[in-house]
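Novice: A single structure is presented below for examination.
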Ligand SMILES: *Cc1c(COP(=O)(O)O)cnc(C)c1O
């Protein structure tokens, strides 16, 4: 008899996006006359095509693969040196952050890395996760058996939830108790909040004092517009001794369909054995990657490298400005409609307070019925998301302008 991993049975069925899909489908069937008027403002996926620098680099890499002299088979599992060097140089060393090329591990996505990192961490850790947040952090801990069952609100036992509320400007604060692993996501999905230097320093101090590790997801780093907001946790002194950083080319270069990301594991980062001996995590992650992963395709890594050329950087700026322009248009319209809007300045997401008396799903239904717009109910990201909804700026300009107009027409 074969046994299954019962931790998977504890997972709440993937509810949020299927339920959004079900409600939209049912609305369209009942209202065929307006079905093609529906605009999606809920998606966490880019809409604009790849930058020309990327297309050129990919074409060239494909040609190399077609010639005997330049063909490449398996590459280094942790990434080609040309890309690790471009990342370490451009994202870190040019900003006076001391990260070596071999502290960069190239992968096919941050989502996988955020989940896979649990492979090298012990299962006795007490883990703190913000609420609301990207659901991957909680679900991968459930799968790994780090939690008990979920209660009726969807909260799992053995996880310390860090509330992100209006009162703390959606930036979580260290808990009173001692935790070993802390997930932080800044700029944040779904709230759009970005932590400043002081707020991050509080966490780094906490982690150094308690010998905890921060898992820092900076997938939206490129959207930071305000000076004084760190682009990397490693801008905070001491962070190379207590943090792992996840970065992705999905939201800056538009690589959600191409697939390339990287994780920074500093060599100074140590964790304890159960006997109390501190050891480096770097060789464990190296071993994990070389054993369970065979690297990102050469073509994709050349594409990622091109984002660091002069043309590539300009083209990424254009993409970001496009989405942040949409965010500005939507933010202004929803604010003018009398709603309280957070985020959308250093992030592509707006986090909107539903008017008094509306739950997240009630707001969803009203916006769909009256404006034919699809948003994402905040309650789907955690219990503290109840009463909010997320509006995404991933859209064409035309759709963003039209959606903005319709938000103003809703009678709350
Ligand atoms: C989109 C996103 C990522 C990127 O994931 P990839 O697997 O690299 O596409 C990571 N973290 C968060 C919070 C995201 O929203």
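The values are calculated or read from the model by the stated rules, or taken from the named source; none is laboratory data. Since the model is a prediction, treat every value here as computed from it, not as a measurement. Neighbour counts run over all protein chains shown; Cβ positions are idealised from the backbone, glycine included.
Novice: State the number of residues belonging to the stretch 364-386 that are buried (at least 20 other Cβ atoms within 10 Å of the Cβ), over 21 Å from residue 36 (Cα atoms) and touching a strand residue (DSSP E or B) at 6+ places or on another chain (Cβ under 7 Å).
Specialist: Residues meeting the conditions: 4.
Novice: Any residue at all in the stretch 56-63 that is touching a helix residue (DSSP H, G or I) at 6+ places or on another chain (Cβ under 7 Å), under 30 Å from residue 240 (Cα atoms) and touching a residue at least 40 places away in the same chain (Cβ under 8 Å)?
Specialist: So far as the stretch 56-63 goes, no, none of its residues is touching a helix residue (DSSP H, G or I) at 6+ places or on another chain (Cβ under 7 Å), under 30 Å from residue 240 (Cα atoms) and touching a residue at least 40 places away in the same chain (Cβ under 8 Å).
Novice: Let me ask another. If residue 53 meets every condition in (1) in contact (Cβ under 8 Å) with a residue 60 or more places away in the chain; (2) touching a helix residue (DSSP H, G or I) at 6+ places or on another chain (Cβ under 6 Å); (3) more than 16 Å from the ligand (Cβ to nearest atom); (4) not in a helix (DSSP H, G or I) apart from one, which number is that one?
Specialist: Only one criterion is unmet by residue 53, namely (4).
Novice: Looking only at the stretch 253-274, count how many residues are surrounded by fewer than 21 Cβ atoms within 10 Å (Cβ to Cβ), within 16 Å of the ligand (Cβ to nearest atom) and either more than 22 Å from residue 111 (Cα to Cα) or in contact (Cβ under 8 Å) with a residue 40 or more places away in the chain (or both).
Specialist: So the answer is 3.
Novice: Could you count how many residues in the stretch 92-122 are assigned to a helix (DSSP H, G or I), crowded, with 19+ Cβ neighbours inside 10 Å and more than 15 Å from the ligand (Cβ to nearest atom)?
Specialist: Counting residues in the stretch 92-122 that are assigned to a helix (DSSP H, G or I), crowded, with 19+ Cβ neighbours inside 10 Å and more than 15 Å from the ligand (Cβ to nearest atom) gives 3.
Novice: Could you please find all residues in the stretch 56-80 being in a helix (DSSP H, G or I) and either in contact with a strand residue (DSSP E or B) (Cβ under 9 Å, 6 or more places away or on another chain) or under 15 Å from residue 260 (Cα atoms) (or both)?
Specialist: In the first step, residues of the stretch 56-80 are kept if they are in a helix (DSSP H, G or I); the result is 56-65.
If the condition is that a residue be in a helix (DSSP H, G or I) and either in contact with a strand residue (DSSP E or B) (Cβ under 9 Å, 6 or more places away or on another chain) or under 15 Å from residue 260 (Cα atoms) (or both), then 57, 58 are the ones that fit.
Novice: Please work out if residue 24 is more than 16 Å from the ligand (Cβ to nearest atom), modelled with pLDDT of 95 or more, over 15 Å from residue 260 (Cβ atoms) and surrounded by 18 or more Cβ atoms within 10 Å (Cβ to Cβ).
Specialist: yes
Novice: Run residue 174 past the list (1) in contact with a strand residue (DSSP E or B) (Cβ under 7 Å, 6 or more places away or on another chain); (2) without any contact (Cβ under 8 Å) to a residue 60 or more places away in the chain; (3) more than 16 Å from the ligand (Cβ to nearest atom) and report the number of the one that doesn't hold.
Specialist: It fails just one condition, (1).
Novice: Let me ask you something else. List every residue pair whose Cβ atoms sit under 7 Å apart, with the two residues 6 or more apart in sequence or on different chains, where the first one lies in the stretch 104-131 and is touching a residue at least 24 places away in the same chain (Cβ under 8 Å) and the second, anywhere, is near the ligand (Cβ under 8 Å from one of its atoms) and part of a helix (DSSP H, G or I).
Specialist: 107/113; 111/136; 114/136; 115/136
Novice: Could you please give the count of residues in the stretch 352-379 that are over 20 Å from residue 14 (Cα atoms) and at pLDDT below 95?
Specialist: 0
Novice: Sticking with this structure for a sec: Take the conditions in contact (Cβ under 8 Å) with a residue 40 or more places away in the chain, assigned to a helix (DSSP H, G or I) and within 16 Å of the ligand (Cβ to nearest atom) and apply them to residue 87. Does it pass? Lay out the reasoning, then the answer.
Specialist: Working: in contact (Cβ under 8 Å) with a residue 40 or more places away in the chain: yes; assigned to a helix (DSSP H, G or I): yes; within 16 Å of the ligand (Cβ to nearest atom): yes.
Criteria met by residue 87.
Novice: Only one of 125, 189 is touching a strand residue (DSSP E or B) at 6+ places or on another chain (Cβ under 7 Å), under 28 Å from residue 15 (Cβ atoms) and within 16 Å of the ligand (Cβ to nearest atom). Can you tell me which?
Specialist: Answer to the check: 189.
Novice: Just one of the numbered conditions (1) at pLDDT 95 or above; (2) outside any loop (DSSP other than H, G, I, E, B) is not true of residue 18; which one?
Specialist: (1)
Novice: From the list 195, 243, 222, pick out the single residue that is closer than 24 Å to residue 282 by Cα and either away from the ligand (no atom under 16 Å from the Cβ) or assigned by TED's automatic domain parsing to the domain that holds residue 184 (or both).
Specialist: Details: 195 fails: closer than 24 Å to residue 282 by Cα; 222 fails: closer than 24 Å to residue 282 by Cα.
From the options 195, 243, 222, the qualifying one is 243.
Novice: Could we say that residue 140 is within 24 Å of residue 221 (Cβ to Cβ) and surrounded by fewer than 22 Cβ atoms within 10 Å (Cβ to Cβ) here?
Specialist: Values: within 24 Å of residue 221 (Cβ to Cβ): yes; surrounded by fewer than 22 Cβ atoms within 10 Å (Cβ to Cβ): yes.
For residue 140, the condition - within 24 Å of residue 221 (Cβ to Cβ) and surrounded by fewer than 22 Cβ atoms within 10 Å (Cβ to Cβ) - is met.
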